[in-house]
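Computed from the coordinates by the stated procedures, all read-outs in this text should not be read as laboratory data. The structure displayed is predicted, hence computed values, not measured ones. Don't worry about glycine lacking a Cβ; one is built from the backbone with ideal geometry, like all the others, and counts go over all protein chains shown.
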Amino acid sequence: MKRILITGGAGFIGSHLCKQLLKEGNEVLCVDNYFTGSKENILELLDNPYFELIRRDVTEPFYAEVDEIYNLACPASPVHYQYNPIKTIKTSVMGAINMLGLAKRVKAKILQASTSEVYGDPAVHPQPESYWGNVNPIGTRSCYDEGKRCAETLFMDYHTQNGVAIKIARIFNTYGPHMNINDGRVVSNFIVQALQGEPLTIFGDGSQTRSFQYVDDLISGLTCLMSTNAEVTGPVNLGNPQECTMLQLAETIIDLTGSSSQVVFHPLPLDDPQQRRPDISIARELLQDWEPQIDLKQGLSHTIAYFEKQLSSK
Ligand code: NAD
Ligand code: UDP
Ligand code: UDP
C-alpha cells in the first residue's frame, strides 16, 4: 500500500484521482483549501479509513511522509484564476516549491499537473511537447500560463539539481462530472445553459477550437505516467486529439440535451487561444496502451446526466 498525497484533491480532476487511487488499494491524503473545490466532490470517500482530508493552502509549507505526490492545486477556469491573479501565480510557484521540497525530503515521486496553456496561443498545430509556445507574459491569462511554466522549470531544476523523481503532465481541456456548476469553463457553461433553456454564450464568433478529453481518460493517463520508470520525466501531453470549434460544441450539446436554447455571441476574452489540439505521440509511446477511449458525444452524455442530477437537487 502506497501513501499518496493529492493537492487540489477536492477539485474536479483531484476528486476522480482520489477515488481511483483508493480503489487501487492506496492510502490517500487529500490537501485542499476549497477555493474552487468542495467537500461534495469527495463526500463518498469520507467514510474510507484510508482517505484523509486536510484543509491546507499549498503556498504554506506542508509536512507529511508520503511515497507519491500529485500536485493539482490551482484554479483552472479562467474566471476563477483571474479572480485573484497574484494568488494564482503564488499557488503555482510557491505550491510547486513546497511540494518539491517535500518530495526531496521524503524521496517521493512527484507529478505536476501542467497544462496546454504553456503553449499559449499556439503558432504550431497540433502542439508537440517540443514546441516552446506563444505566451503573453503580461496579459490576463499570464498568472496561470506563466505560473504553470515556472512550475515546470522548478520541477526540471529540482530533478537535475536535487535528483527528485518528477513527472510533468501537460493536460489539455478536460471535462466531466464534478465540474462546478459555476466553474465558468465552456463545457459546464454550455451544458448548464442548455439544461436551463438559456442561450449558450459563445465568446467571439465560435470558430476557435479546443480538443476535449473526458476525465476518465485523463485519470488513466496520469496514473500510467506516475508508474513509468525514472527516466521518464515528461513533459507529456495528455489529451484527446478530437478537435472541434466552440460553435460545433454548442450545437452538439443542444442536440444531446434536446434543448430549445439558441446561441448568443459575446466578445472574445483577451488572449483567447485560437486553436488547440494535442500531439499525443509521446504519450502513446511511453504510456503502454494509453489512448483516449471516450469520444466527445459519449463523454458529454455522462456529463449532461451529472448536471441534470445536480440541477434537480438544487
Ligand atoms: P479545479 O479548480 O476543480 O481544482 C483545483 C483544486 O485546487 C480545487 O479543489 C481548489 O480548491 C484547489 N486549490 C486551489 N488553490 C489552492 C491552494 N492555494 N492550496 C490548496 N488547494 C488549492 O480544477 P481542475 O480542472 O480539477 O484542475 C486541477 C489541476 O489540473 C489544476 O492544476 C489545473 O491547472 C490542471 N489542469 C486542468 C485542466 C482541465 O481542463 N480541467 C487542463 C489543464 C490543466
Ligand atoms: N518544504 C515543505 N515540506 C517539507 C520540506 C520542505 O513544505 O517536507 C518546503 C520548505 O518550507 C521550503 C520549500 O519546501 O520552503 C523548498 O524546500 P527546499 O528544501 O528545496 O529548500 P530550502 O528549505 O532549502 O529553502
Ligand atoms: N467559451 C465560450 N463560452 C463560454 C466559456 C468559454 O465560448 O461560456 C470559449 C472560450 O472563449 C474559449 C473556449 O470556449 O475559446 C474554451 O474556454 P475554457 O474557459 O473552457 O478553456 P480555455 O480557454 O482555458 O481552454
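Cβ-Cβ under 6 Å, sequence separation 6+ or interchain: first residue in segment 67-88 and closer than 25 Å to Lys19 by Cβ and touching a residue at least 24 places away in the same chain (Cβ under 8 Å), partner in a loop (DSSP other than H, G, I, E, B) and within 16 Å of ligand 2 (Cβ to nearest atom). Which pairs?
Short answer, once both residue conditions are applied: Asp67/Ala108; Glu68/Ala108; Ile69/Ala108; Leu72/Gly8; Ala73/Gly8; Ala73/Val58.
Could you run through segment 78-110 and say how many residues are under 17 Å from Leu29 (Cβ atoms), of a type outside the set (A, V, I, L, M) and buried (at least 22 other Cβ atoms within 10 Å of the Cβ)?
1
Name the single residue that is nearest to Ala283 (Cα to Cα) among those in segment 199-224 being under 13 Å from the mean Cα position of the chain (by Cα) and not in a helix (DSSP H, G or I).
Step by step, filter segment 199-224, then rank; the result is Gln213.
Within segment 9-36, which residues are under 20 Å from Thr303 (Cβ atoms), in contact (Cβ under 8 Å) with a residue 40 or more places away in the chain and crowded, with 20+ Cβ neighbours inside 10 Å?
Ala10, Gly11, Phe12, Ile13, Gly14, Ser15, His16, Leu17, Thr36
Wholly within segment 75-165, which helices (runs of 4 or more DSSP H) include no fewer than the required count, namely at least 2 residues that are more than 14 Å from ligand 3 (Cβ to nearest atom) and aromatic (Phe, Trp, Tyr)?
Details: elements: 78-81, 85-106, 142-162.
Those helices (runs of 4 or more DSSP H) span 142-162.
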